[in-house]
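Working notes, structure below.
Where a number appears in this text, it was derived from the coordinates with a stated rule and is not lab data. Remember, predicted model here, so these are calculated numbers, not experimental data. As a convention, Cβ positions derive from the backbone with ideal geometry for all residues, glycine included, and neighbour counts pool all protein chains shown.
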Amino acid sequence: MSRSILIIQGHPDESARHYCHALAEAYRAGAESAGHSVTELRIGELDFPLLRSEAEWSADKTPDTLLPAQELIRAADHLVFVYPVWLGTMPALTKGFLEQVFRPGFAFDEAARKGPGGVRPLKGKSARVIVSMGMPGFVYRWFYRAHGYRYFKRNILKFVGISPVRHCFVGLAGANKDSGRKRWLARVERLGARGI
């Protein structure tokens, strides 16, 4: 079954090519080869302010520069987030993007904010989180308990109704030899072909 897929490139540096870009391109190539419709959104290309208070988050409106991002998220069946681990979690700009986009009214209503009920308009969408890091993936998973990813999955994605959420922990991203990098790119391309 063909799916509408949105790849959200979370590497904040668009001045150079990074492994996150190659991972996103591999996923896209696999997805398109299987007939899925793919769009890519690069957070590093967007201009938006960071939120500084709860009042700004709940009362202010989404910046005009991010309204197209909300529309792309709304239209997609499946979201693919690609980002590097910086200081144990996603880069600040990626988190700032999520704070601006997943606002009350777009991702959930007031009742959902206060308890388990309420309306979550993004319910029914699935997600894949592809995280690159300098440490081995098993160290992030078992020693650090994948705390940054688990927070993102539980407190943001599942909270707004996105499920299932799957992941790839791409370890030793800076030290991997070409053979290791190519294996990961091939694996991610296969995931893209399956649309998961």
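Quick notes on this one:
- Counted charge near Ala76, where neighbours are those whose Cβ lies closer than 9 Å (Asp, Glu -1; Lys, Arg +1): +2
- Each distinct pair of alpha carbons in the chain adds a 1/r term; the inverse of their mean, the Kirkwood radius, is 17.2 Å.
- Segment 9-63 versus segment 95-170: alpha-carbon centroid distance in Å: 15
- Compactness check for segment 1-83: Cα Rg over 2.2 N^0.38 Å is 1.23.
- Helix-only [θ]222 nm of the chain, DSSP H runs n ≥ 4, -39500 (n - 2.57) each, per residue, nearest 500: -10000 deg cm²/dmol
- Where only alpha carbons of segment 152-196 are counted, the Rg and the Dmax (Å): 13.7, 38
- Residue of Phe108, Phe97, Phe138 that the Gaussian network model of the chain assigns the largest fluctuation, springs spanning Cα pairs under 10 Å: Phe138
- Degrees separating the helix 178-194 axis from the principal Cα axis of the chain, which is the longest one: 50
- Estimated translational diffusion coefficient (Stokes-Einstein, Kirkwood radius over Cα pairs, 4 °C, 1.567 mPa s) of segment 22-66: 97 µm² per second.
- Taking Ser58, Ser163, Ser37 as the candidate residues, the one with maximal mean-square fluctuation in a Gaussian network model of the chain, Cα springs under 10 Å, is Ser58.
- Angle between the chain longest axis and helix 19-33 axis [Cα atoms, degrees, rounded to 10]: 90
- DSSP beta bridges fully contained in the chain are about 5 percent antiparallel.
- The angle between the Cα long axis of helix 92-101 and the main principal axis of the chain comes to about 40°, on a 0 to 90 degree scale.
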